[in-house]
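> This structure is in structure tokens; I'll ask about it shortly.
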């Protein structure tokens, strides 16, 4: 049965090293790119969110502060039967008209992905003129006008909450949502103040509809403050609560109103106006400080994200560069060590071993250790093991060549000794035949002696041929005694 072996195609070891390390290196590059993209994307998102928030807040700040004022003055003017002076109301309307264009521009410039909420807010802002027309014509009640303005303000805060929840990192989203909730809680406190002020201005009557609006505003205020406390820092939360005697008095009167069951407001106008006025004035003053604090916090977190992106990207890039460098260095080292081993093997096969064989053929002595130096070792254990194995094979090959040469030399010496013994005997035989030829006169016997002499001469030539084959030169001039002396001397030196 014939076994067919498939031909193995050889490839450079550098190609195997590249293939072996390409997958982990590609994975490292992918992980670095993924981490860097996430970090950089978050940093850019936070930076964009911070700048857009600052621009939007600057554009809508006047509208947010003036629109509740217009609602309160409209509410009080309608409760008075439209008999109170309109100058304050008209002045506030002028301020709102002044604030509307930059507010709309800021909202449209900084709009996020939820355009439907923004469009609804812009529609509500455009409907302020229709609300004013209904108020001026008397087609709307005080409660309806109050709720219409409140709906616009609710749409503003709904947009801010939606926009904050969809943009920026998790930490910025939490702080931003908490800040919007805190501002929304202050708006609810303003609604409570406006409702009770209206009730006090109309004889202290607290109708069921007003009581319901007041209770809803108070409940929502407490809920928003709880959410604010959970999302913002304690220092920032104190700006929305303003834990002062006036605020504690406001809360006590709020509780008193909610607990009352009659149709009259259970607090005096002086105490109510004093407490709510002081509390709202103090919190409104901190709104600008809150905006600056939030902007600073947003900028700080954005800068931190940028720094983190630079660090992560830089460390990842350094790791990738180091991996590529180590790949190249290791590949070159392995290739260099194997190339050096290959050079040593070729030098042994092409130079040292032929030189050793030549020296042995000339009969010269060979130092096995000198002629089979070990190849250079490597810091890679596998390459060093191959080098040690080759050194063993190299030493064994040189030793085998030396042993074979010594064996051949010993065999030649044996042949030489036998040939020289044979030659010595033949010399003695020739001398004896020569002596016998000289003493014999019988022609027949002399002829036999001549034939025997000729045969002995031929045997001597065969012995000389063996001497030549053993690597020596035959001695034709020696006699039998001389041949024995030479043979004895050689035997003494050969076999001590």
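The values are calculated or read from the model by the stated rules, or taken from the named source; none is laboratory data. Because the structure is predicted, anything quoted here is derived from the model rather than measured. Heads up, the Cβs are rebuilt from the backbone with ideal geometry, glycines too, and the neighbour counts pull from every protein chain shown.
> Could you list, in sequence order, all residues of region 178-209 that are at pLDDT 90 or above and in contact with a strand residue (DSSP E or B) (Cβ under 7 Å, 6 or more places away or on another chain)?
Hit for region 178-209 is 199, nothing else.
> Restricting attention to region 115-169, report how many residues are exposed (fewer than 14 other Cβ atoms within 10 Å of the Cβ) and either within 20 Å of residue 231 (Cβ to Cβ) or in contact with a strand residue (DSSP E or B) (Cβ under 8 Å, 6 or more places away or on another chain) (or both).
1
> Is there a residue in region 203-211 that is surrounded by fewer than 17 Cβ atoms within 10 Å (Cβ to Cβ) and without any contact (Cβ under 8 Å) to a residue 12 or more places away in the chain?
There is at least one residue in region 203-211 that is surrounded by fewer than 17 Cβ atoms within 10 Å (Cβ to Cβ) and without any contact (Cβ under 8 Å) to a residue 12 or more places away in the chain.
> While we're here: Looking for whichever is assigned by TED's automatic domain parsing to the domain that holds residue 192 and touching a residue at least 24 places away in the same chain (Cβ under 8 Å) here; the options are 153, 122. Which one fits?
Answer to the check: 153.
> Which condition from (1) over 23 Å from residue 188 (Cβ atoms); (2) modelled with pLDDT under 90 is the one that residue 100 breaks?
So the condition that residue 100 fails would be (2).
> In addition: Of everything in region 259-277, what is surrounded by 14 or more Cβ atoms within 10 Å (Cβ to Cβ) and either in a helix (DSSP H, G or I) or not assigned by TED's automatic domain parsing to the domain that holds residue 203 (or both)? Give them in sequence order.
Hits for region 259-277 are 269, 272, 273, 274, 275, 276, 277.
> Quick one: in region 394-433, which of the residues that are under 60 Å from the mean Cα position of the chain (by Cα) and surrounded by fewer than 13 Cβ atoms within 10 Å (Cβ to Cβ) is farthest from residue 360 (Cα to Cα)?
Filtering region 394-433 for residues that are under 60 Å from the mean Cα position of the chain (by Cα) and surrounded by fewer than 13 Cβ atoms within 10 Å (Cβ to Cβ), the one farthest from residue 360 (Cα to Cα) comes out as 396.
> Looking for whichever is modelled with pLDDT of 80 or more and over 30 Å from residue 188 (Cβ atoms) here; the options are 318, 328. Which one fits?
318 is the lone residue from the list that is modelled with pLDDT of 80 or more and over 30 Å from residue 188 (Cβ atoms).
> Just one of 123, 228, 175 is assigned to a helix (DSSP H, G or I) and modelled with pLDDT under 85; which is it?
Of the residues listed, the single one that is assigned to a helix (DSSP H, G or I) and modelled with pLDDT under 85 is 175.
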